[in-house]
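Structure first, commentary second.
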Amino acid sequence: MTGTVLEPRRPWKGRRVVLGVTGGIAAYKSVQLARNLTRLGAEVDVVLTRSAQEFATPLSFEGVTGRDVFTSLWSVEGAARHIRLGGEADAVVVAPATADFLARAAQGRSDDLLTTTLLATRAPVVVCPAMNDRMWAHPAVQANAARLAELGYQQAGPAAGPLAAGESDGAGRMLEPWQIVEWVGRALGSDPAFRGRTVLITAGPTREALDPVRFLGNRSTGRMGYALAQAAWRRGARVRLVSGPSSLAAPEGVERIQVETAREMLEAVRSQLEEAHVSIFAAAVADYRPREARDRKMKRGGDDAEPTLELTANPDVAADTRGRRAEGSITVGFALETEDLLEHARAKLEAKGFDLLVANPAGEADAGFESETNRVTLLSREGEAEELPLQSKDAVAEAVLDRVAELLPGASDAAGAAQS
Ligand code: CTP
């Protein structure tokens, strides 16, 4: 997602990624892509086709990756370069992928370093098409894209939106660098425990109306739940994110269901629960709402100079799922506490029937609401407490999913089912 922290971390850290760039105007965005992948800890080998060099120079890529950039099949290294690049790659991503590239790759041609490397690799390949929308819609291009899908290449995009020449906004635009980073992460980080499984996540605050312009809310930004959603998608899960109001972009590949109130969140969760192999309750749900939401704006200086607010209890979304959860599914809760963290957290784990509880302190600098980082303790049903160091919410999400993967029954069965 856009807010993601660019620090060396899983699944990119220490992995070899070949970034193939072909000749389209979106090539300028690929410099940013190379930079982001490098900042996440990947070793990025950039391969530019001849026409790509009309749009971006090898020097730009060398500057952001700190590594040699490759342009030619013919070198002192000899013909072995494509074998080495292809063989050492953990993932290959082609961005932008032009219509001409799709045609050559679909035919298995090997007339330049990039296409030859593709034939030489057995790593997952992600292709990010970018072209004029009429070109993309042409049956010849569609047939080539379909052939690449048959060969097992992942296709990321294109998106609809303003194209370079500005004359139309049909599908043809290359995905944004942050989105492609996630596709590469998915190619690198696929996890048999999550592949083919459905993960349901609640995130963000809820808003409870007082009148048409005011509401009761809280400081949650949704960052932790969104990080979990993105990380679960990278592992290969189908992810449904039930989100209260948040300014964050929907995580790549994730189905987001937007709600406002606790009661709407409850409805959305009830409708999705049956299919969930994992449900994670990361939302900061308002425990109370105004007994009555006025249909007109409350005016100052009316009859009631010091109005009192009458509240009524909201449903507990997580607790409501008890007794409705799919058999064998895993349920994860959060607990945000200002005092007696572990004691309260343990009580919540019991009361709401969680398999795993993520406890975090409120009011601490660098942790909890409105922070990019978090310090959490993971509590298991058996009573174990594992204290994790202060780290980015993206890293916390990975740690939580590692624990969920251990709890999920028969991880390999799910992988088999997903492939069949
Ligand atoms: N939760 C929920 N619906 C609510 C309240 C909480 O689904 N109405 C979920 C949260 O998403 C979290 C867990 O229950 O996973 C605990 O939330 P928390 O706000 O820490 O606890 P509460 O049960 O609200 O208790 P309290 O506010 O008294 O600490």
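The values are calculated or read from the model by the stated rules, or taken from the named source; none is laboratory data. None of the values given here were measured: they were computed from a predicted structure. Cβ placement follows ideal geometry from the backbone for every residue including glycine, while neighbour counts extend to all protein chains displayed.
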message = Take the conditions over 22 Å from Gly328 (Cα atoms), crowded, with 24+ Cβ neighbours inside 10 Å and not charged (D, E, K, R) and apply them to Ala203. Does it pass?
response = yes
remark   = Subset of the range 288-305, residues among the basic types (Lys, Arg), in a loop (DSSP other than H, G, I, E, B) and in contact (Cβ under 8 Å) with a residue 40 or more places away in the chain, comes to Arg294, Arg296, Lys297
task = Show the residue pairs that are 6+ apart or on different chains and have beta-carbon atoms under 9 Å apart, the first residue being within the range 340-354 and in the same structural domain as Arg381 (by TED's automatic domain parsing) and more than 17 Å from Glu386 (Cα to Cα), the second being assigned to a helix (DSSP H, G or I) and of a type in the set (Gly, Ala, Ser).
result = Ala351/Ala319; Lys352/Ala318; Lys352/Ala319; Gly353/Ala318; Gly353/Ala319
message = Tell me which helices (runs of 4 or more DSSP H) are completely within the range 50-144 and hold 3 or more residues being of a type in the set (Val, Ile, Thr), or say none if there are none.
response = 113-120
message = If a residue must be acidic (Asp, Glu) and either in a helix (DSSP H, G or I) or free of Cβ contacts under 8 Å to residues at least 24 places away in the same chain (or both), how many such residues does the range 182-218 contain?
response = 1
